[in-house]
Structure formats: C-alpha cells, structure tokens
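The values are calculated or read from the model by the stated rules, or taken from the named source; none is laboratory data. Quantities reported herein were computed from a predicted structural model and do not represent experimental measurements. Virtual Cβ from ideal backbone geometry, glycine too; neighbours counted across all protein chains shown.
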Amino acid sequence: MKRSLAIGTGLLLWLPAVILAAASPAGVWEGTLKTPNGDVGFVFNVHRDGDKWAAEMDVPIRNVSGIPIKEVKVDGASVSFPIPGPGEPHYDGKLSDDGKSITGNFIQGGGSIPLDLKWKSEPKAVEKLPANSGEVQVLEGTWAGTLDANGTQLRLLFKFVKNADGSITGTVDSLDQQGAK
C-alpha cells in the first residue's frame, strides 16, 4: 500500500512538469498568411537565447531566411513578436494546450489577418556570429559597383564609416535613379 501511494504521489508530482514542457513555444513553426495578393508562407524558429526568447523568420517565397526577431514575448500561452516590415507588423497568438499549434493574427497598419502556426520540429541551432573585432579598415571607404536589375544597369555607390564605438555605418546611393538612397 505504501509503495502504491509513493508511486501515485511521484506521478502526481511529475505530471505538471510534463504538461508544462509540452506547452512551450520553442520550435520551428510554419504558417501561411492568406492575403488578397496571394498566399505567403512563413517559418519561425522560436528558441531561448539565454534568459530571453528569440526567433528567426524565413519567407521562402521571397528567398529570405534567418531574419532575427529579438523582441519575442511569451506570457503563459500568449506569444507575440514584431515582424520586420513597413507599417509595424506584428504577430499575436495563443499556444494550444498540446503545444503543437499557435492560433493568432498578423497585424499591420490597423488590419488583422489570421495566421495559424503549426509546430514542425525542435528549434534549429542558431549560429552566433563573433562580435566585431574593430578590424574594419578593409571595408571603410567608398565602393562602387553595378547591379543588373533584369537587364537594367544601375550604378551603386556604397559608403562605409567606422564609428567611435567600433560599429559601422553604411549608405548606398543609386547614381542612375534620382532621389534613391
């Protein structure tokens, strides 16, 4: 009887840990945003970065991957984060009890479109780039090049400057497009 009671108590203590572990937003999530201009698929790699949540975003139709999202907020089952782009887009969602879906909305410029995410796998490892060593002299200065934009040749001028804090500031000017910087 004591053994059964001990096993039962152990299971009761273990069960909440299992339930909490299953309801984590960590993972690779996929979803499709249905817009008037067509469907846009998103992939989010949500993970812990030290004591904070972080994510990277892929937009396969645009051949874009690994866009960092640093302001991921997780509060219980609520998950939200900004999405890079004009009009301050962001995502607000709710993690399901089983941790396999997030039901939410893509919000931009006052409008809202449903964007439900499905869990696909554990989070992908994220390669951390080394900090800037300050050795940027080879990049500093003015660089010129030509971009072939579907047969149209655009002359570009890149200017890189090292700031006092060691960071680099850069600008690009299109010499063939008036007002483009």
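List of remarks:
- Test: S80 is at pLDDT 95 or above and either in the same structural domain as D51 (by TED's automatic domain parsing) or outside any loop (DSSP other than H, G, I, E, B) (or both): yes
- Across segment 72-89, not a single residue is classified as exposed (fewer than 14 other Cβ atoms within 10 Å of the Cβ), of a type in the set (S, T, N, Q) and touching an Asp or Glu at 6+ places or on another chain (Cβ under 6 Å).
- Of all residues in segment 144-165, those being exposed (fewer than 13 other Cβ atoms within 10 Å of the Cβ), assigned to a strand (DSSP E or B) and modelled with pLDDT of 80 or more number 7.
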